Amino acid sequence: KLANSTSWWSFSEKLERKLCQENNLLLYISNNDRINYKKLNFCDGHIVPFDLDINKIEKKPYRKIGFIGSNNIFNYSSSLELIDLAKKNKKLKFIISGSVVEKISDIDLPKNVELFYKKDFSNKFLEEYYSKVSISFLPAQNNSGIKTKIIESLSYCVPVITNKNGYDDTFNIFLNKYVFVTDNNFNLNKITEKKFDDKELVNLYNKYKRNNNKSFEKIISFFN
């Protein structure tokens, strides 16, 4: 249905239940989704986490704490969180990218916040953006699905700071090494002072992908 549509795809809970009853197996891309559906008394299924290919890029020497997002209310809220962080951490540099920039262009930004936006989300644009970023600040406003921006950032070897809504058990392999879950009073400087190793992150990410492949193999065996 998505392949022939340019609009957002959604349906009612009633239809969702009907679809679940008509299928042999449900696939969840996150443990959070699986837990949520079980609470709604949907049938159980298997988790097949999302991943992307590793993107090797040349990183600039002076990089910033970045947020990237499209032009919607959730990303707008997250970008305001980053702006608030910038005001509290004036010695650090920040960057906001993606079409969310259109929503905040009229805000009086602190001097340590840079806006970086192009009309497309091409690979070239993403490579240029992530070359500028030392850590991604990616809080989430709800805990549905899996945060593809987190996976995207890790695929560019950029560590991530998120919140409880943005975290999922499928990220456990990166926890407190390259993915950090924050509370309201977290110490940003303590995280930025850590020394990150791209090679170690690549090895962990490849392990994450291998685990995903094993999950998918279990799905295939279900039908054999």
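The values are calculated or read from the model by the stated rules, or taken from the named source; none is laboratory data. Source: prediction; values computed, not measured. Using ideal geometry, Cβ is built from the backbone for each residue, glycine included, and neighbour counts are taken over all protein chains shown. What goes into the accessible areas is simple: the full protein's heavy atoms, side chains included, and nothing from ligands, DNA or RNA. Shrake-Rupley method; radii C 1.70, N 1.55, O 1.52, S 1.80 Å.
Summing +1 for each Lys or Arg and -1 for each Asp or Glu, what net charge is found among the other residues whose Cβ lies under 12 Å from the Cβ of Asn75?
Net local charge, Asn75 excluded: +1.
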(message) Keeping every protein chain present and rolling a 1.4 Å probe, give me the accessible area per residue for the stretch 53-169 in Å².
(response) 49 Å²
(request) Divide, for the stretch 61-188, the radius of gyration over alpha carbons by 2.2 N^0.38 Å, where N is the residue count. (result) 0.98
(request) Calculate the dipole size of the chain relative to its Cα centre from +1 charges on Lys and Arg beta carbons and -1 charges on Asp and Glu beta carbons; express the result in debye to the nearest 20. (result) 480 debye
(message) Under the rule of at least 5 residues apart or a separate chain, name every residue whose amide H is placed under 5 Å from the amide H of Ile29.
(response) Val48
(request) Output the relative contact order of the chain, whole-number percent, from Cα pairs under 8 angstrom with separation of 6+ residues. (result) 20 percent
(request) Would you compute the Debye intensity of the chain from its alpha-carbon atoms alone, equal scatterers and no solvent, and pass along log10 I(q)/I(0) at q = 0.07, 0.10, 0.12, 0.15 Å⁻¹ to two decimals? (result) -0.25, -0.51, -0.73, -1.08
(request) Scan around Leu138 for amide H atoms under 5 Å from its own, H built in the peptide plane at 1.01 Å from N, and keep only partners 5 or more places away or cross-chain. (result) Ile161, Thr162
(message) Tell me whether the stretch 53-133 comes out rounded, prolate or oblate; compute the Cα gyration tensor, take square roots of the eigenvalues as a ≥ b ≥ c, and use a/c under 1.5 as the rounded threshold.
(response) oblate
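Rounded to the nearest 500, what is the 222 nm mean residue ellipticity of the chain from helices alone, with -39500 (n - 2.57) per DSSP H run of 4+ residues and division by all residues?
The helix-only estimate for the chain comes to -11500 deg cm²/dmol at 222 nm.
For the stretch 91-224, what relative contact order do you get, as a whole percent, if you take Cα pairs closer than 8 Å and at least 6 residues apart? List each step's numbers first, then the result.
Working: 123 pairs, mean separation 22.3, N = 134.
The normalised contact order for the stretch 91-224 reaches 17 percent.
What trypsin sites (Lys or Arg not before Pro) does the stretch 10-107 have in DSSP loop regions with at most 13 other beta carbons within 10 Å? Intermediate results must be reported in sequence, preceding the final value.
Details: sites: Lys14, Arg17, Lys18, Arg34, Lys38, Lys39, Lys56, Lys59, Arg63, Lys64, Lys87, Lys88, Lys90, Lys91, Lys93, Lys103; in loops: Lys56, Lys59, Arg63, Lys90, Lys91, Lys93.
Qualifying residues, ordered by number: Lys56, Lys90, Lys91.
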(message) Which residue, Ile191, Ile161, Asn32, has the largest displacement toward the positive end of the dipole of the chain when charges sit on each Cβ (Lys, Arg +1; Asp, Glu -1)?
(response) Ile191
(request) Any chance you could run the full-extension gain for Lys199 through Ile73? It's 0.36 nm times the residue separation minus the Cα-Cα distance, nm to one decimal. (result) 41.8 nm
(message) Accessible area of the stretch 76-211 with a 1.4 Å probe: how many percent of it is carbon plus sulfur?
(response) 45 percent
(message) Set the bar at 27 Å for Cα to Cα. Now go through Lys164/Lys209; Lys87/Lys194; Lys90/Lys177; Lys59/Lys194; Lys38/Lys218; Lys14/Lys207 and name every pair that lies beyond it.
(response) Lys14/Lys207
(request) Using amide H atoms built 1.01 Å from N in the peptide plane, name the residues 5+ places from Val179, or on other chains, whose amide H lies under 5 Å from its own. (result) Val160
(message) For the pair Ser122/Asn36, report the inter-label distance in nm, with labels modelled 7 Å from Cα in the Cβ direction.
(response) 3.4 nm
